[in-house]
Amino acid sequence: MSPRAAWRLESIGFGRVYDYVNGKADWGSFGLPLEGRRPSSTRVGAHVRTDVPACRPADRMPDMCERVHAAGWDTCFVTNEQGVVLGRLGRAALAAGDDVAVDEAMTLGPSTVRPSQELDAALERMHKQNLTTLAVTRSDGVLVGVLRRDDAERVLRTSTTGTP
């Protein structure tokens, strides 16, 4: 909204008017709906898995290994109390079996994408970097979930051929 529009709203009685300057890119990075030539259905956020395990830095690895494997995953994201991604426990950390705190075993600062990223671009990145999963976070770093490469490939194959 422009400063003039904000002033006009204030002048007709709205008490709290904010000039949101982050715009459409930030809107999409929170996974909010997008329209147009590349709508939300073509973005990562529409295909993210939200059931990926998360844990805290002080959690113990043996407990996390058991929980992650029971859930059928081979990765776990380490978050703070607000859900901001701090690190990741990958296959090697989960297989090590060390009796340590998660923050001693995690990989710091894992690579992430936003829900608004176009699915085909995310898949291309996954192929180039040989990734099977990619963490999806909002612009404030909060974990949304994970994009699985096989899910992205299936969606794009279906959208181009019409068959799964």
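For the reader, a short list of remarks on this structure follows.
- Amide hydrogen neighbours beyond the local backbone of V52, cut-off 5 Å, H modeled: V146
- Of the residues T137, T42, the one with the fewest other Cβ atoms within 10 Å heads the list, and the complete ranking is T42, T137.
- Estimated FRET transfer efficiency when R0 is 30 angstrom, pair L156-R56 (beta carbons, to 0.05): 0.30
- Of the residues V142, T132, A121, the one whose Cα sits farthest toward the positive end of the charge dipole of the stretch 115-164, with +1 on the Cβ of Lys and Arg and -1 on the Cβ of Asp and Glu, is T132.
- Taking 0.36 nm per residue of sequence separation and removing the Cα-Cα distance, the A70/F14 pair yields an extension gain of 15.0 nm.
- Diffusion coefficient of the stretch 36-161 by Stokes-Einstein, Kirkwood radius over Cα pairs, 10 °C, 1.306 mPa s: 106 µm²/s.
- Order of T79, T132 under a 10 Å beta carbon neighbour criterion, fewest first: T132, T79
- Kirkwood's formula applied to the C-alpha pairs of the stretch 92-164 gives a hydrodynamic radius of 14.1 angstrom.
- About the centre of its Cα atoms, the stretch 36-161 shows a dipole size close to 720 debye [charges on the beta carbon of Lys, Arg (+1) and Asp, Glu (-1) only; nearest 20 debye].
Rule-based calculations on the coordinates, nothing more; no lab input. Predicted, not measured: the structure shown is a model, and the values here were computed from it. Note that we place each Cβ from the backbone using ideal geometry, even for glycine, and neighbour counts take in every protein chain shown.
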